[in-house]
1. Hey, can you tell me all the residues within region 167-185 that are open to solvent by 60 Å² or more (accessible area, probe 1.4 Å) and assigned to a strand (DSSP E or B)?
2. If you go through region 114-137 one residue at a time, do you hit one that is touching a helix residue (DSSP H, G or I) at 6+ places or on another chain (Cβ under 8 Å) and under 30 Å from Ala99 (Cβ atoms)?
3. Taking into account only those residues within region 117-135 that are closer than 28 Å to Arg76 by Cβ and in contact with a Lys or Arg (Cβ under 6 Å, 6 or more places away or on another chain), which is least open to solvent (accessible area, probe 1.4 Å)?
4. Do we find a residue being touching a Phe, Trp or Tyr at 6+ places or on another chain (Cβ under 8 Å), hydrophobic (A, V, I, L, M, F, W, C), in a strand (DSSP E or B) and closer than 28 Å to Ala62 by Cβ anywhere in region 127-144?
5. Exactly one of (1) free of Cβ contacts under 8 Å to residues at least 24 places away in the same chain; (2) open to solvent by less than 20 Å² (accessible area, probe 1.4 Å); (3) in contact with a Leu (Cβ under 9 Å, 6 or more places away or on another chain) is unmet by Met155. Its number?
6. Does at least one position in region 212-224 carry a residue that is assigned to a loop (DSSP other than H, G, I, E, B), at pLDDT below 95 and either open to solvent by less than 60 Å² (accessible area, probe 1.4 Å) or under 27 Å from Pro17 (Cα atoms) (or both)?
7. Restricting attention to region 20-38, which residues are surrounded by fewer than 11 Cβ atoms within 10 Å (Cβ to Cβ) and over 19 Å from Leu69 (Cα atoms)?
8. Could you say which residue among Arg72, Arg90 is among the basic types (Lys, Arg), touching a residue at least 12 places away in the same chain (Cβ under 8 Å) and open to solvent by 50 Å² or more (accessible area, probe 1.4 Å)?
Amino acid sequence: MHYAPRTIALITEVFHPPTHPDPAPVQRVHNQLFQTGNPPYQGFVVTPQGAVLSNPVTRPGAASMAAFLSDRFQFREEFSSMTVEDFAMRARLVSELVAAQTGVQVFTMQQVIVRTLLNPRHFRDSRTFLKQGLLGLEGETGDFGREPQLFGLRMVFPAHETSPQSYSLRIESYHADTRDVYIENQATFPPILVARGLDTIESNILDAYRFLVERALRFVSRFDAKLET
């Protein structure tokens, strides 16, 4: 079944051995990117936690930023129009430049979070879809004495020999709009050696996105059918 998922958040964190956050290398990268005439981030600020690159946003809850903390590089695009391909490329490029300036030699882990919304085809209310369509519940929730206002399912796929990444998948009704189903994939990937190149940062982000839009959406579609009356 075809859906038109609307990605509302792309987040990745690449962890490295803890160091004292030094804003100078990040500022050098920021200046270098500005000289290209098309910098990925407009602003540079120093916080007690570390240097932050950012773009202005107008929507409440939106973010477009990269933070360089004592133990990680963090990239966030929330309620942004950026494509996953551009986000993955940006995270890889900026990580390459900052790692070269800071001397980071290994990223001990990468975490990627993808959040998206979709509208079921045969349900106007996502709570009904989750409760009756996906979970197959009817009157059982009466045991609580009142009806839940959010339904959800969580599945965890641990790493194994042939797949070193893990996925934690959430499928829920959405508190902000009862028409939307909220799907989140939190993926964790193994260490990355900087000397071997950082293309893996980019491919890991695309992997986490594909797991959601290909596998998770296919799973959801199996339950998106008219209920028998």
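1. Within region 167-185, the subset open to solvent by 60 Å² or more (accessible area, probe 1.4 Å) is 170, 175-176, 179.
Within region 167-185, just Arg170 meets the criteria.
2. Yes, the conditions are met somewhere in region 114-137.
3. Leu117
4. Taking every residue of region 127-144 in turn, none turns out to be touching a Phe, Trp or Tyr at 6+ places or on another chain (Cβ under 8 Å), hydrophobic (A, V, I, L, M, F, W, C), in a strand (DSSP E or B) and closer than 28 Å to Ala62 by Cβ.
5. Exception for Met155: condition (2).
6. yes
7. Gln35, Thr36, Gly37, Asn38
8. Arg72
The values are calculated or read from the model by the stated rules, or taken from the named source; none is laboratory data. All values reported here derive from a predicted model rather than from experimental measurement. A quick note on method: Cβ atoms are made from the backbone with ideal geometry, for glycine too, and the neighbour counts reach across all protein chains shown. Side chains included, ligands, DNA and RNA excluded: accessible areas come from the protein's heavy atoms. Shrake-Rupley method; radii C 1.70, N 1.55, O 1.52, S 1.80 Å.
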